[in-house]
Each structure stands twice: as structure tokens, then as C-alpha cells.
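The values are calculated or read from the model by the stated rules, or taken from the named source; none is laboratory data. None of these values were measured; they are calculated from a predicted model. Cβ sites come from the backbone with ideal geometry, for glycine too, and all protein chains shown count toward neighbours.
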Amino acid sequence: MAGEWPKFVFVTGGVLSSVGKGITTASIGLLLKRRGYRVGAVKIDPYINVDAGTMSPFAHGEVFVTEDGGETDLDIGHYERFLHENLSKKHNITTGQIYLSVIEKERRGDYLGQTVQVIPHITNEIKQRITGLAEETGTDFLIVEIGGTVGDIEGLPFLEAVRQLGLELGPRRSFYVHVALAPELSTTGEQKTKPVQHSVQELRRIGIQPNAIVVRSRRPLEDEPRRKIALYSNLPESRIISSPDVDTIYRVPILLEEQGLVRAIEEHMGLQARRPELGDWEDFVNRLVSAPRPVRIAMVGKYVKLRDSYLSIVEALRHASAWTGLRPELVWVEATDIERGRRDLSFIDDVDGVMILPGFGKRGFEGKIMAIQRAREERKPLLGICLGMQLVVVEYSRNVLGLEGANTTEADPNTPHPVIDLLPWQKSIDRLGGTMRLGASPIKLLPGTIARRLYGRDTVYERHRHRYEVNPKYVDKLEAAGLRISGVSPEGLVEIVELPQSENRFYLATQPHIEYKSRPLAPNPLFTAFLRASAGETP
Ligand code: GLN
């Protein structure tokens, strides 16, 4: 690596997880990009899974799928939405990937004669991944977020690697941001700084002196705790940045900019100060928080206890909200409760629109199908995604085509009418990791359809993550019965289905996850149309 580029910002976290490192990382990325730099962001996950694809959404929230079919951590979604850029799967590094590659090299004989160890072999592999990615993608800045909390055993090799990197690159190419929580005592309202002090001490024990600290707290950080944190962290007060709870995550970059976080990075690296262009972003935030008209949306899923499971869908609704002035009020409905009779379908009468959410494994399928039937019969606007589309097809097959017992073979392998089935190539796979139909591929939107009119294009690229497909044998029957196929893959697989607007203002479902590519400044048109329809318009 020659010269003073690319540069790196390392983001670590303290006190507890979920403290907001991902949003901080994404915000720093946005602020650098809006200064005219080329920016990428990487998430390091210190778990042994090779990717997030095999983990339960209950444990880690949504799996975010990249354009190139990576099954990644949901923070990659935040990065893409803030940076307005597609990132590759290489932007999510896990312990599993690092060890897999070191062990493969060892078996190949690349380290012949050596004892292969965490230091230097694992740490070198980590460093190479990070610097290699920055070179390969041609970025000026790569922001590197280290998942977990400082002090975790799993995170140590990564912290050691980024410590070494800082030494090798020098201050003009590296900057360390530590994000930590200052809790507030409910009795006195006092902001306590000891946890931040301890996590900074832990970081310094490992050999990393942070260059700035982002302090998360309920309310803006007061002067006294700021002074204390600065003193104990060996930093000027100007490097202690307050990041209080805010009305929307999209406001965080504005707050960080006001307090000069990126100005500090410029200063530290000897860069000329630049002013970021944030007008359109501020505009978006203002419209989002002041969207006037409420619309009630039922979110029918089965991972509803952990809202992060459907993170990108919720964000896509927010993007659509800012552009339509409609404020979605989400009514979470556990599909299992419907099928077990613990929740009746009257919730459909109380909402303006219904979303049928993605999912795996048959629990909750019948509950979703019941909700779909009621929404269709009552002409409620409906948007189904992935499993949502598959179950729209099942419901239509059963109740309109009259195919009794029609089902997806995911729920019933012996159904007399497998309207949703595994593709032949999926039947022979023997490993479940990374073998679904994944990533972006072209979708041809058929003339005269609502989908084509709303997208305003005849081909779109949306991302997939599924194994089952509409069974080609039933397509003609479905169309003859009135369900319109509006998007198809190059192989002719069904990608989007819809009902005509004479039946329902908006009744559309997509096999791809259209939520992944929705961005604050470029919402997905099907989400905006769904909200409009839910508010009584005909989009
Ligand atoms: N379980 C379905 C499949 O594998 C749908 C997946 C999803 O909703 N992401 O095809």
C-alpha cells in the first residue's frame, strides 16, 4: 500500500451490544461520502458461522442479502441505506470465514514448516481481508465496524489485528472511534460515566487509544460527564461526541456532523476540511418525522417478537412514508396465534393494509393463509413478500381455483396440489449453508401490469433468498382464474403476482425481497404504492 490512501476508520463498541455501532458506522460513511470521498463499510462478526444465513432471526435479527447473494449481518443493510450503495458480500467478515481460509491454506501447504497460530496467521488474514477489500473496491475510506463488545473473548483477534493495522498505517490513515453507553439512573436522572471509562480502559489495555468517543445516552450528554469521560479517556472534550436517543436513526449523521466528528477525522489525518452536502438528507428526515396521515398496517409474520427480524421491511415502509406523507402505524400479528385460534381475523377490519412477511418452516403458514383470504375477500390492500407471495398463490389455488389441499411442499410434502415446490436443482442439495436462490437477478415486468407501471421500467433487479418456487405446472390455471403473473425470471419463474385494480386497489406479492434495495432517497415504488392504496388512493 503506497501513499496516504486508502484510509481506515475503526469502530469498536463498549458496555453492551446493540449500542448503535452500526448506525454510527453508517453515519460516518454518509458524512465522508457527502464530502466527496469514495466510501465503503465493513462489518466484522466474531462468530464462527461462515455467514449469517444459518442463524435464527430470533438471535441476530434479519439476514441481509447483498446484490451478489451474500447472506450478511443486518448492519450491512444500514450501510447500504446510508451510503446509497450496493456492497458485496466481502463487506461482512466473520471468524468462520477467517478460520476456514487459514485452515485451507494450512492444508494446501502454504505455511509449510510453521506452527499456525492466532498471532500472526489469523491476525494477518484479518488484516489482509481489510486492506485487500479497500484496494479492490478503490475506496478512499473504509469504515470497519467490529461487532460485539470490547472485552469479549471472540473479538480479541480482530481488535489485535486492527491495533496492528493502526501502527502500520500511521495516524494519517487510521482513526479509532469507540461507541459506548452512559446509562442514566432512573432515581436521580444522573448520567453515569463509569461503564464508558471501564470500556475505554479495556480498549487501551489491548493497546488501542480511541481518537473519539461516541457516547450513547437517553438524553444529550451533560457537561460534567463529558469532562469526566474526556479526562479518563485521555482526549480533549471536543472528541467526546454525544449521541442521544433520537426520533429516527436517519437523524444520527446530522447530530454527529454538528458536533464535528468527521471534522476530527479530517484534522487527525491532516486532510483539508470539507463541508458535506446534506440538504436532501435533512429534507428526507424532516418529511419522515412529520408525515401527517396515519395508516394502519398489519404485519403478519412469525418472528414478530423480535422486530429486527423484518428490519429492512420496516425501513422500506419508512422510506415510502417520507415520500408519501403517510405515517404507517404497524400492528404486529403473530401468524401462529391466528392458526391456534388465539387471535381472530377481526384485526383485518381495523387496519388499512396488510403485509404478509417472509419466513421459513411451516409454523404460522396456515395463519398467514387465513389472513390472506380475509384480506382478499374484503379487498384490503395487500403486499406479500417471498413466503408471503408463495402463500398468496396457495390461498388463491385453494379458494379460487378450488384445488383442495393445495400447498407448498415446504409445509406439506404430500399435498395433492404442490403449487409451490422445490426446483429440481434444489432437491439434490446436501448442504443448507449458502445454497438458496440468492442475490439479485433480472425480473422482466410484463406489459400492461401494475408492477410494470409502478416501476416504470420493463426490467428490474431485485434480490432473492428462497428455495421454493411457484410450480410452473400451475401457472396457466392460476392466470385463467384471474391471478396475474406480472414479473418473471429469465428462466420463466414467477417473480410477481397481482390482482387487477377492479378487484383490489393494490393486491400484489413478490418472490424477491424488494425491501433490500429500498433507500431513503430512492424508495421502492411498490412500497409507496402499497401505502397510498392503504390510504384509500388508487396508485
Ligand atoms: N421458505 C420459503 C422458501 O424457502 C420462503 C423464504 C423467504 O420468505 N425468504 O422458498
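Just for segment 428-438: of the residues that are within 13 Å of the ligand (Cβ to nearest atom) and not hydrophobic (A, V, I, L, M, F, W, C), which one is farthest from D476 (Cα to Cα)?
Pass one, segment 428-438, residues within 13 Å of the ligand (Cβ to nearest atom): 429, 432, 435-438.
With the extra rule that they be not hydrophobic (A, V, I, L, M, F, W, C), the set shrinks to 435, 437.
Working: T435: 29, R437: 24 Å.
Filtering segment 428-438 for residues that are within 13 Å of the ligand (Cβ to nearest atom) and not hydrophobic (A, V, I, L, M, F, W, C), the one farthest from D476 (Cα to Cα) comes out as T435.
Determine which member of the set E495, E469 is at pLDDT 95 or above and surrounded by 23 or more Cβ atoms within 10 Å (Cβ to Cβ).
Working: E469 fails: surrounded by 23 or more Cβ atoms within 10 Å (Cβ to Cβ).
Only one candidate passes the filter, namely E495.
Quick one: would you say R318 is of a type in the set (K, R), touching a helix residue (DSSP H, G or I) at 6+ places or on another chain (Cβ under 7 Å) and within 16 Å of the ligand (Cβ to nearest atom)?
Working: of a type in the set (K, R): yes; touching a helix residue (DSSP H, G or I) at 6+ places or on another chain (Cβ under 7 Å): yes; within 16 Å of the ligand (Cβ to nearest atom): no.
Criteria not met by R318.
Only one of R327, R318, R275 is in contact (Cβ under 8 Å) with a residue 24 or more places away in the chain and surrounded by fewer than 15 Cβ atoms within 10 Å (Cβ to Cβ); which? Spell out how you get there, then give the answer.
Values: R327 fails: surrounded by fewer than 15 Cβ atoms within 10 Å (Cβ to Cβ); R318 fails: surrounded by fewer than 15 Cβ atoms within 10 Å (Cβ to Cβ).
None of the other options fit; the residue is R275.
Can you tell me which residues in segment 231-253 are surrounded by 17 or more Cβ atoms within 10 Å (Cβ to Cβ) and assigned to a helix (DSSP H, G or I)? Give the derivation first.
Step one: filter segment 231-253 for residues surrounded by 17 or more Cβ atoms within 10 Å (Cβ to Cβ), giving 233, 235, 239-243, 249-253.
Matches in segment 231-253: S233, R239, I249, Y250, R251, V252, P253.
Do we find that D421 is crowded, with 20+ Cβ neighbours inside 10 Å and within 16 Å of the ligand (Cβ to nearest atom) in this structure? Talk me through it step by step, then tell me what you get.
Numbers: crowded, with 20+ Cβ neighbours inside 10 Å: yes; within 16 Å of the ligand (Cβ to nearest atom): yes.
It is true that D421 is crowded, with 20+ Cβ neighbours inside 10 Å and within 16 Å of the ligand (Cβ to nearest atom).
Strands (runs of 3 or more DSSP E) wholly in segment 465-533 with at least 3 residues that are away from the ligand (no atom under 16 Å from the Cβ) - which ones? Can you show your working first?
Details: elements: 468-470, 484-488, 494-498, 507-510.
The qualifying strands (runs of 3 or more DSSP E) are 484-488.
Whether any residue in segment 280-287 is within 23 Å of V177 (Cβ to Cβ), crowded, with 17+ Cβ neighbours inside 10 Å and in contact with a Ser or Thr (Cβ under 6 Å, 6 or more places away or on another chain) is what I want to check.
Within segment 280-287, none of the residues are within 23 Å of V177 (Cβ to Cβ), crowded, with 17+ Cβ neighbours inside 10 Å and in contact with a Ser or Thr (Cβ under 6 Å, 6 or more places away or on another chain).
Please pick out the residue among D350, D283 that is among the acidic types (D, E) and under 30 Å from A411 (Cα atoms).
On the way: D283 fails: under 30 Å from A411 (Cα atoms).
So the residue among D350, D283 that is among the acidic types (D, E) and under 30 Å from A411 (Cα atoms) is D350.
Could you please tell me which pairs satisfy a Cβ distance under 7 Å, a separation of 6+ or placement on different chains, a first residue in segment 384-413 that is within 8 Å of the ligand (Cβ to nearest atom), and a second residue that is part of a loop (DSSP other than H, G, I, E, B) and not aliphatic (A, V, I, L, M)?
These pairs meet every condition: I385/P358; I385/E515; C386/P358; C386/Q511; L387/P358; L387/G359; G388/P358; E410/K362.
So is D337 part of a helix (DSSP H, G or I) and at pLDDT below 95 or not? Before the answer, list the steps.
Working: part of a helix (DSSP H, G or I): yes; at pLDDT below 95: no.
No.
Per-residue answers, yes or no, for (1) within 30 Å of E80 (Cα to Cα); (2) modelled with pLDDT of 95 or more:
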{"position": "I297", "(1), (2)": "yes, yes"}
{"position": "R307", "(1), (2)": "yes, no"}
{"position": "S321", "(1), (2)": "yes, yes"}
{"position": "V331", "(1), (2)": "yes, yes"}
{"position": "I356", "(1), (2)": "yes, yes"}
{"position": "A371", "(1), (2)": "no, yes"}
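Within 16 Å of the ligand (Cβ to nearest atom), surrounded by fewer than 23 Cβ atoms within 10 Å (Cβ to Cβ) and of a type in the set (G, A, S): which single residue out of G361, G341 fits that description? Walk me through it before giving the result.
Details: G341 fails: within 16 Å of the ligand (Cβ to nearest atom).
Exactly one of G361, G341 is within 16 Å of the ligand (Cβ to nearest atom), surrounded by fewer than 23 Cβ atoms within 10 Å (Cβ to Cβ) and of a type in the set (G, A, S), namely G361.
Given R227, R163, R172, R204, which one is of a type in the set (D, E, K, R) and either buried (at least 17 other Cβ atoms within 10 Å of the Cβ) or under 29 Å from the mean Cα position of the chain (by Cα) (or both)? Walk me through how you get there before you give the answer.
Details: R227 fails: either buried (at least 17 other Cβ atoms within 10 Å of the Cβ) or under 29 Å from the mean Cα position of the chain (by Cα) (or both); R172 fails: either buried (at least 17 other Cβ atoms within 10 Å of the Cβ) or under 29 Å from the mean Cα position of the chain (by Cα) (or both); R204 fails: either buried (at least 17 other Cβ atoms within 10 Å of the Cβ) or under 29 Å from the mean Cα position of the chain (by Cα) (or both).
Answer to the check: R163.
For segment 129-156, give me each residue that is crowded, with 20+ Cβ neighbours inside 10 Å and more than 25 Å from the chain's Cα centre (by Cα).
none
I need a count of the residues in segment 344-358 that are within 14 Å of the ligand (Cβ to nearest atom) and either out of contact with any Cys (no Cβ under 8 Å at 6 or more places or on another chain) or part of a helix (DSSP H, G or I) (or both). Explain how you work it out, then say what you get.
Let us first name the residues in segment 344-358 that are within 14 Å of the ligand (Cβ to nearest atom), namely 355-358.
This time we only want the ones that are either out of contact with any Cys (no Cβ under 8 Å at 6 or more places or on another chain) or part of a helix (DSSP H, G or I) (or both), so: 355-357.
So the count comes out to 3.
Test P520 against the criterion of being surrounded by 15 or more Cβ atoms within 10 Å (Cβ to Cβ), of a type outside the set (G, A, S) and farther than 18 Å from L383 by Cα, and give yes or no.
On the way: surrounded by 15 or more Cβ atoms within 10 Å (Cβ to Cβ): yes; of a type outside the set (G, A, S): yes; farther than 18 Å from L383 by Cα: yes.
Considered against the rule, which asks whether it is surrounded by 15 or more Cβ atoms within 10 Å (Cβ to Cβ), of a type outside the set (G, A, S) and farther than 18 Å from L383 by Cα, P520 comes out as yes.
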